[in-house]
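Okay, structure first, notes after.
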Number of protein chains: 2
Amino acid sequence: MEYILGVDGGGTKSLAVLARETGEVVATFQKGPANFQQIGEAGLQSLAEEILQEAERSGGIRRDEIVLFVLGLAGVGRRDDHRRAEEALSRVNFSGRILLTTDAYIALMGAFESRPGIIVIAGTGSICFGLDEEGELYRSGGWGYLLGDEGSGYFIGHQAILAALKDFDGRGEKTILRPRIESHFDLTSIEDIVPRVYAKENSIGKEEIAGLAPLVFECAADGDDVAEQIVELAGKELARMVHAVGKRMKKLGEPLEVAYVGSVFKQKHVLLPVMKVFLSDHYSELDIHEPSFEPAPGAIILGLKELGKAITLEVLENLRTTYRAP
Amino acid sequence: MEYILGVDGGGTKSLAVLARETGEVVATFQKGPANFQQIGEAGLQSLAEEILQEAERSGGIRRDEIVLFVLGLAGVGRRDDHRRAEEALSRVNFSGRILLTTDAYIALMGAFESRPGIIVIAGTGSICFGLDEEGELYRSGGWGYLLGDEGSGYFIGHQAILAALKDFDGRGEKTILRPRIESHFDLTSIEDIVPRVYAKENSIGKEEIAGLAPLVFECAADGDDVAEQIVELAGKELARMVHAVGKRMKKLGEPLEVAYVGSVFKQKHVLLPVMKVFLSDHYSELDIHEPSFEPAPGAIILGLKELGKAITLEVLENLRTTYRAP
């Protein structure tokens, strides 16, 4: 029997899937972090070795039954990093083919079952990727909290703090964000947030600021104008990221498929309408949905394509019914 | 003879002025940093002692000839810090009166020769202070680069980087800021600025970002739309800070005097017109000018007021002709 081994390698963990060429999953498991910027050449080599061993053990197979090992890794987007990561993988004790790509690429493969489309991710940070008919990858946003992350949880929480401080110093409208943020962080006055944000210890950092996003959605639901404006702006910023990629993919006036991922989209009933208003004018049809598959089974779909297998409904059905996140 | 000793105590140095009650300056000199958050109680006590000794030496006077020692310090704005700083000063070997206030207060005293007015400061960061007829102090902005500093050099440089990245990823208009920033930092592509901003070593930090401001003004002068919008926005943000203070000082519909300070105002021919357009509607007269005096002689003006002396044209003329920044 011939097997494909797929890996979604992120900053905190790697998810691995071992599947038959029919799409049937025989094993899934987790290993340690895989971001190439963090683990480097030696780390990647030993991680790949570990994953192969675990695939043999969990799948009850021999390593030489794996015809294709697909790795979608964070931190290999740049050409030079990609080359170094490939070199590290060439030293692994494995005789089959290795396909190295980015975590974004397998996320797109999973989200659209290998069709072209755009994925927009908004958790603590935000980023947007698109894949066109030719397999070309496009990207917008994702420049991090100091240079972007528009529409993300950090963006929403940060805007809320700015608005509360502007209410305090007279530059902005009155907003219930101010007392709500004060009680969220147990502050006597909103101005006391300032030393906490710049502090080295016990500081209010990126994650804590992003953690304000649900509070901002609540204030908006309670009818606070300022909070509503922030939510509206976040939706628009996410739509702008999608549109920037759509334009470069030359999808203007064509149908567009968009998948959304990340904690901010727990509020999809608020965000999707804003995004649709912004995007509908530019595309003949707009289909915004959750990803069909997670990135790890996306690596299997990519592998099947790479092996020249048709991505039939049957194959996808097999994958859907047998895959469970580890 | 009776003397006043005034100090402008900032984060990098303190400037001291020894003057007669006629406004005539007899000595000026520099000492070390005076930000209370940095130097603490012991540091402040020994700095004050040092300044008194130097005043005796440079002025050729005895310490007991100083009737009032005015200190305008950074980092004593909060009540608790102010109380601790006063306690530290009470331990100094000095029998005259001590008047402790903020650096903002003496800056306002200097800028308007003790009249009410608003001072707007835009260097690397930005902040705005106002002083009303009753001597009450108001403030807006100044929340630092992560939470504000609107209209500052950092704000202008940061907006320029965001715009260049949005040009790059398709979200924004084309702008010459992109190639100009690339060559300014010697980058192959603007996206290479991202790791440099987040880097621990050899990073592009706050100061370097603020250092882009002159380049942004240049691009605006060369007719770049995006740069023009940033400059316009900076002017508006500075005006908003002034207006927030003006409203709380209840100056709406009244005449308003505004002084500007800081490196960003090297471009006053660009910024002042924008600020005037925004502010003129709200005040019956608008007088925007450079400060009459620097903060250090401002401490002397405050001291004279405190001693019940009239701030006559003659006193101001004496101060103007005899004060030279040390």
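Every number in this text was worked out from the coordinates using simple rules, so none of it is lab data. Only a predicted model underlies this, so the values are computations on that prediction, with no experimental measurement involved. Glycine gets a Cβ as well: all are built from the backbone with ideal geometry, and neighbour counts include every protein chain shown.
Within the listed set A:Gly246, A:Gly303, A:Gly211, the Gaussian network model of chain A (springs between alpha-carbon atoms below 10 Å) gives the highest mean-square fluctuation for A:Gly211.
In this simple spin-label approximation, B:Ala199 and A:Ser189 carry label points 7 Å from Cα along the Cα→Cβ vector, and these lie 4.1 nm apart.
What's the local net charge at A:Met275, with K and R +1, D and E -1, over the other residues with C-beta under 10 Å away? Around A:Met275, the surrounding residues sum to +3. Taking a ≥ b ≥ c as the square roots of the eigenvalues of the Cα gyration tensor, region B:160-224 is oblate, since a/c reaches 1.5 or more and a/b is not larger than b/c.
Applying 1/(1 + (r/R0)^6) with R0 = 45 Å to the Cβ-Cβ distance of A:His289 and A:Glu65, what FRET efficiency is obtained, to the nearest 0.05? Could you put the intermediate results ahead of the total?
Numbers: r = 35 Å, r/R0 = 0.78.
With R0 = 45 Å, the Cβ-Cβ based efficiency is 0.80.
The rotation axis taking chain A to chain B passes closest to the C-beta of one chain A residue; that residue and the distance in whole Å read A:Leu146, 4. Looking at the protein assembly as shown, what % of its DSSP beta bridges pair antiparallel, to the nearest 5? Restricted to the protein assembly as shown, the bridges split so that about 50 percent are antiparallel.
Take every Cα pair under 8 Å in region B:115-291 that's 6+ residues apart, average their separations, divide by the length, and report that relative contact order as a whole percent. List each step's numbers first, then the result.
Values: 319 pairs, mean separation 48.5, N = 177.
Here the relative contact order equals 27 percent.
Could you check what % of the DSSP bridge pairs in region A:49-185 are antiparallel, to the nearest 5? Looking only at bridges with both residues in region A:49-185, the antiparallel portion is about 65 percent.
List the residues of region B:1-38 whose backbone N lies under 17 Å from a point placed 7 Å from the Cα of B:Ala310 along the Cα-to-Cβ direction. Only B:21-23 pass the distance filter.
Within 10 Å of the Cβ of each residue in A:164-177, the mean number of Cβ atoms contributed by other protein chains is 4.
Rounded to the nearest 20 Debye, what is the dipole magnitude of region A:118-248 about its Cα centre when Lys and Arg each give +1 and Asp and Glu each give -1 at the C-beta?
Details: 13 positive and 23 negative charges, 61 e Å.
Using Cβ point charges on Lys, Arg, Asp and Glu, region A:118-248 gives about 300 debye.
What separates the Cα centres of region A:218-234 and region B:30-93 is a distance of 48 Å. Mean-square fluctuations from a GNM of chain A, with a 10 angstrom spring cutoff on Cα atoms, peak among A:Arg20, A:Arg248, A:Arg115 at A:Arg248.
What's the extension gain from A:Glu41 to A:Ala221 if we count 0.36 nm per residue and subtract their Cα-Cα distance?
60.0 nm
The separation of region A:302-326 from region B:167-215, counted between C-alpha centres, amounts to 42 Å. For the pair B:Lys266 and B:Leu137, how long in nm is the line joining their label points, each one 7 Å along Cα→Cβ? Spacing of the two 7 Å Cα→Cβ label points: 2.9 nm.
Please identify, among A:Ser126, A:Ser263, A:Ser95, the residue showing maximal mean-square fluctuation in a Gaussian network model of chain A using a 10 angstrom Cα cutoff. Per the Cα network of chain A with a 10 Å cutoff, A:Ser95 tops the list.
Residues of region B:117-161 with backbone nitrogen within less than 13 Å of a virtual label 7 Å along the Cα-to-Cβ line of B:Lys250, please, listed as ranges. Once the point is set 7 Å along Cα→Cβ of B:Lys250, B:132-136 turn out to lie under 13 Å by backbone N, inside region B:117-161. Dipole check for region A:196-326: with +1 at the C-beta of Lys and Arg, -1 at the C-beta of Asp and Glu, and the Cα centre as origin, the magnitude is about 600 Debye. This model, with +1 at the C-beta of Lys and Arg and -1 at the C-beta of Asp and Glu, gives the protein assembly as shown a dipole about its Cα centre of some 500 debye.
Ranking B:Thr175, B:Cys128, B:Val274 by Cα position along the charge dipole of region B:115-291, where only Lys, Arg, Asp and Glu carry charges on their C-beta atoms, puts B:Cys128 farthest toward the positive end.
Any chance you could count the Lys pairs in region A:197-267 whose alpha carbons are under 24 Å apart, treating pairs 8 or more apart or on different chains as valid? List each step's numbers first, then the result.
Working: A:Lys206/A:Lys236; A:Lys206/A:Lys266; A:Lys236/A:Lys247; A:Lys236/A:Lys250; A:Lys236/A:Lys251; A:Lys236/A:Lys266.
The result is 6.
Net charge near B:Arg180: determine it from the other residues with C-beta under 11 Å of the C-beta of B:Arg180, scoring Lys and Arg +1 and Asp and Glu -1.
Details: positive: B:Arg178; negative: B:Glu182, B:Glu218, B:Asp222, B:Asp224.
For residues surrounding B:Arg180, the net value is -3.
In a shell of Cβ-Cβ distance under 13 Å around A:Ala42, excluding A:Ala42 itself, what net charge do Lys and Arg (+1) and Asp and Glu (-1) give? After counting each charged neighbour, the total is -2. Axis angle, to the nearest 10 degrees, between helix A:268-280 and the longest C-alpha principal axis of chain A: 80 degrees.
The DSSP beta bridges internal to region A:115-291 are antiparallel in roughly 55% of cases.
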